[in-house]
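Input: a single structure, listed below in structure tokens.
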Amino acid sequence: MTQPEAQPGPTAHFRALERLYRSAPINGTFASSLTITGEGRAQIAFDVTENVFHAAGAAHGTIYFKMLDDAAFYAANSLVTDRFLLTTAFNVHFTKPVRSGRVTASGVWISGRRRVLVAESRLVDEEGDEIGRGTGTFMRSRIALSGLDGYAE
């Protein structure tokens, strides 16, 4: 399997990362869609529904972490075309509970390009209010992107 050549340069890599995201089994549990919006930038859209609630009737922190981590991860991996990154650390800050509606996670690369990359992300609800934010550290793995079924066309 090789990197797709249908579109030139970074665009092909971005679309391949989006396919990789869609292929992950976890996204069957947490329905969401990823868009790589440019080098070092990613957005994930998802709906908060009762199936992700904790006992007090609002979104569980699991969904906050997953979407913040994914948005930051894919923002960072958009800059790395040969290797799959691994999350080595991630800090989450909860700023507001959310009970329902469309939420957008936006990730942006901050620093590093060689071995370790740092990216941050924000969760914003339908009203435009920030409901959470996070910062992650990501390291190049030994896993070639081209060897992952979801990455290849």
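The values are calculated or read from the model by the stated rules, or taken from the named source; none is laboratory data. Predicted model only: the values in this text are computed from it and were never measured. FYI the Cβ positions are ideal-geometry reconstructions off the backbone, even for glycines, and counts take in every protein chain you see. When the accessible area is computed, the model is the full protein with side chains, heavy atoms only, and any ligands, DNA or RNA have been set aside. Shrake-Rupley method; radii C 1.70, N 1.55, O 1.52, S 1.80 Å.
Structure summary
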| item | result |
| --- | --- |
| Residue satisfying condition, being buried (at least 23 other Cβ atoms within 10 Å of the Cβ), more than 13 Å from the chain's Cα centre (by Cα) and either over 16 Å from LEU17 (Cβ atoms) or of a type in the set (Val, Ile, Thr) (or both), within set ALA59, ALA89 | ALA59 |
| Output for region 84-95, where each listed residue is in a strand (DSSP E or B) and hydroxyl-bearing (Ser, Thr, Tyr) | THR87, THR88 |
| Every pair of residues 6+ apart whose Cβ atoms lie under 6 Å, when the first sits in region 20-42 and is free of Cβ contacts under 8 Å to residues at least 24 places away in the same chain while the second is of a type in the set (S, T, N, Q) | THR35/GLN43; THR37/GLN43 |
| Test for VAL92: is it at pLDDT 95 or above, closer than 12 Å to SER121 by Cα and β-branched (Val, Ile, Thr) | yes |
| Test for SER23: is it of a type in the set (Gly, Ala, Ser) and in contact with an Asp or Glu (Cβ under 7 Å, 6 or more places away or on another chain) | yes |
| Odd one out for VAL103 among (1) farther than 16 Å from GLY136 by Cα; (2) open to solvent by 70 Å² or more (accessible area, probe 1.4 Å); (3) in a strand (DSSP E or B) | (2) |
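This table checks each residue for (1) surrounded by fewer than 15 Cβ atoms within 10 Å (Cβ to Cβ); (2) in contact (Cβ under 8 Å) with a residue 24 or more places away in the chain; (3) under 13 Å from the mean Cα position of the chain (by Cα).
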{"site": "VAL80", "(1), (2), (3)": "no, yes, no"}
{"site": "THR95", "(1), (2), (3)": "yes, yes, no"}
{"site": "VAL108", "(1), (2), (3)": "no, yes, yes"}
{"site": "LEU123", "(1), (2), (3)": "no, yes, yes"}
{"site": "GLU126", "(1), (2), (3)": "yes, yes, no"}
{"site": "PHE138", "(1), (2), (3)": "no, yes, yes"}
{"site": "ILE143", "(1), (2), (3)": "yes, yes, no"}
{"site": "LEU148", "(1), (2), (3)": "no, yes, no"}
{"site": "TYR151", "(1), (2), (3)": "no, yes, no"}
